[in-house]
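What follows is a single structure, written as structure tokens, with notes after it.
We did not get these values from a lab; they are worked out from the coordinates using the rules stated. Predicted model, so just to flag it, every value in this text is computed and none were measured. Neighbour counts are summed over all protein chains in view; Cβ atoms, including those assigned to glycine, are modelled from backbone coordinates with ideal geometry.
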Amino acid sequence: MKSRDFVMARQLFHQMPTKNQITWNSMIAGYEFNGKFMEALEMFEEMLSDGLLPSHVTLLGALSAVSGLAVLSKGKSIHSFMVKNGFELDGVLGTSLIEMYSKCGSIDSAQTVFKTIRQKKLGHWTAIIVGLGMHGMANEALELFSEMCKAGMQPHAITFLGVLNACSHAGLVDTGRYYFNKMIHDYGIEPTIEHYGCLIDILCRAGYLEEAKNMIDSMPMTPNKVIWMSLLSGSRNYGNVNIGEYAAHRLMEVAPNTNGCYVVLSNMYAAYGQWDKVSQFDFIPSRSSLQEVHTQAALSFAGQVLQ
């Protein structure tokens, strides 16, 4: 499957005189790993049709494929199969189910699964916290985080990522700062670029652009495209042209083909009547791109005036 010659792999698979869980799992996992989620689920259905009971590994691959496609009905079908055949949810299957329901948009079902798990492990807590944050339910996510800590669970980096993401969706600036610092000082967890990205997004959404810029400049790793886009977007929303210019320049250094940043910056200039600045960009790649930016900025500005 590493060669990605899926047609040949499937032909060889069907030519095998006997197939067991290992061979089925290899096919399903290969498809799922390479983003061929529909094919993974087709193989899962074939396995069931052949009368072979799937293992935990099989079900994990199938649930991951469902998450990739966000097909809730298929996820519910697999869940029903698991219940009918007595699969326990106290391990990674429970975590995978919670993640699947969250990614398929059914956070209520994710919460129901979480509540039915008798011996909750860190993975279960983390999955539901991430899911709640993903659905904008920050208060519920933070309450569960507190409950988890009281239960003696030691949060890890992904748990805090879920907490910070929840704070970002809800605009909880002080709370986001608090948990970011708590992660470092109380739990000794070194922030990853994703943690920095979440806190910077929180600050930018709330208009704390100078603080966000200072944090970016002091990061121990190179800021990525997502971080610079957060700062640029915040600058646009709060009309800070200087920081917007700074973010746009930095963005073009790490992602030169991000044409959208020209449009964002031009919209800012248009809003303040600074049309001459657009032509002074030393990083515009071509006249055609510049003309497109001028046109989009003009249309955007006209739309604002008419509203």
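A few remarks follow.
- An oblate overall shape is assigned to segment 1-87, the ratio a/c of its alpha-carbon gyration tensor axes (a ≥ b ≥ c) being 1.5 or greater and a/b not exceeding b/c.
- Theoretical FRET efficiency, 1/(1+(r/R0)^6), r = Cβ-Cβ of LEU48 and ASN259, R0 35 Å, to 0.05: 0.15
- Estimated FRET transfer efficiency (PHE13, ILE158; beta-carbon r; R0 41 Å; 0.05): 0.75
- Mean Cα-pair separation over length for the chain, i.e. relative contact order, pairs under 8 Å, 6 or more apart, %: 8 percent
- Pair GLU143, LEU122: separation of 7 Å Cα→Cβ label points (nm): 2.5 nm
- If you run the Gaussian network model on the chain, springs between alpha carbon atoms under 10 Å, then out of ILE243, ILE184, ILE200 the most flexible one is ILE184.
- Within a Gaussian network of the chain (alpha carbon springs, distance under 10 Å), most fluctuating of SER146, SER235, SER106: SER146
- Within the listed set SER64, SER96, SER49, the Gaussian network model of the chain (springs between alpha-carbon atoms below 10 Å) gives the highest mean-square fluctuation for SER49.
- For the chain, the 222 nm mean residue ellipticity estimated from helices alone, with every DSSP H stretch of n ≥ 4 adding -39500 (n - 2.57) and the total spread over all residues, rounds to -23000 deg cm²/dmol.
- Extended-chain gain in nm, criterion 0.36 nm per residue less alpha-carbon gap, SER73 and ASP5: 21.5 nm
- Between ILE184 and PHE81, the modelled labels are 4.7 nm apart [label points 7 Å from Cα along Cα→Cβ].
- Reach of LYS74 by Cα under 19 Å, taken over lysines that are not fewer than 8 positions away in the same chain: LYS36, LYS84, LYS103
- A Förster distance of 25 Å, applied to the separation of the beta-carbon atoms of ASP108 and HIS56, puts the FRET efficiency at 0.50.
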